[in-house]
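Computed from the coordinates by the stated procedures, all read-outs in this text should not be read as laboratory data. All of these numbers come straight from a predicted model, not from anything done at the bench. Glycine also receives a Cβ, built like all others from the backbone with ideal geometry; neighbour counts cover every protein chain displayed.
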Amino acid sequence: MAYGKGVMKGMLLTLQHVFKPPITVNYPEYEREVPVRARTNLIWFEERCTGCSTCAQACPDGCILVQTSPRDDGTLEIERYEIDFRICMYCGLCTEACPYQAIQAGGRYDDAQYIFENMYRNKETLTSEAQEYLASTDGRYPNGQTQDENPLITSMPTARSRIGVAGADGPLGPQHLPSRKQG
Ligand code: SF4
Ligand code: SF4
């Protein structure tokens, strides 16, 4: 008798789910929206980066390469910024270490590659991915903030105007000098 009750209970539960809408989507025809702060990938934002290399030092796998040269005004020219996703374990330590939120977790998850070497991304690739991301979010970073809401404030003279931020009004990269927040 107890056995029959168990079967009935299981059948009822199954029936309940038959009439509920599916929770899955037909990927890749349909894609779920990636929530803000999802740790899907790494995105590097050049307009926020000072070239300090803190991220590279924090990475336990040595995935990040930063090469800079000093400018006359004391700022750093970022000549190379590269991430080797072949050995990245997506631990997020680089994102936590960056003082300027120039590297953040988020973005696309459909970046599987047929050619292993393509998982090495250089500055140009990373920048184009970041710009594509910002264009799709109207200038909102993966942490949910815009450049205006979270302006880059640095303690060293790093004012540069290399690139604008896609999807936002006007030229961005407003690096607020000197180092303290205004007002
Ligand atoms: S997520 Fe971890 S392993 Fe990957 S680059 Fe950042 S610190 Fe290195
Ligand atoms: S820690 Fe941040 S600001 Fe410094 S080099 Fe890395 S990404 Fe750029």
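Dipole size in debye (nearest 20) for the stretch 35-155 around its Cα centre, Lys and Arg Cβ +1, Asp and Glu Cβ -1?
Details: 10 positive and 19 negative charges, 72 e Å.
The dipole magnitude comes to about 340 debye.
Classification of the stretch 35-155 by its C-alpha gyration tensor yields an oblate form. The axis ratio a/c (a ≥ b ≥ c) is 1.5 or more, and b/c is at least a/b. The 3J(HN,Hα) values that the Karplus relation (6.51, -1.76, 1.60; θ = phi - 60°) gives for the stretch 131-139 are, in residue order, 5, 4, 4, 5, 5, 7, 10, 6, x Hz. Gly and Pro appear as x. Couplings for the stretch 96-110, taken from phi via the Karplus curve 6.51 cos²θ - 1.76 cosθ + 1.60 with θ = phi - 60°, read 6, 7, 5, x, 10, 6, 8, 10, 10, 7, x, x, 6, 10, 9 Hz in order; Gly and Pro are left as x.
Between Val34 and Asp111, the modelled label-to-label distance comes to 0.7 nm, taking each label 7 Å out from Cα in the direction of the beta carbon. Backbone phi angles across the stretch 2-7, fed through the Karplus curve with coefficients 6.51, -1.76 and 1.60 (θ = phi - 60°), yield HN-Hα couplings of 4, 5, x, 5, x, 5 Hz in residue order; Gly and Pro are listed as x. Here the label points at Tyr120 and Lys20, each 7 Å from Cα along the C-beta direction, are separated by 4.8 nm in the simple model.
Report the FRET efficiency, 1/(1 + (r/R0)^6), for Leu13 and Asp138, where r is their Cβ-Cβ distance and R0 is 35 Å, rounded to 0.05. Please list the in-between numbers first.
Details: r = 43 Å, r/R0 = 1.24.
Given R0 = 35 Å and the Cβ-Cβ separation, E is 0.20.
Using 0.36 nm per residue and subtracting the Cα-Cα separation, the extra length available between Ala2 and Glu149 on full extension is 46.8 nm.
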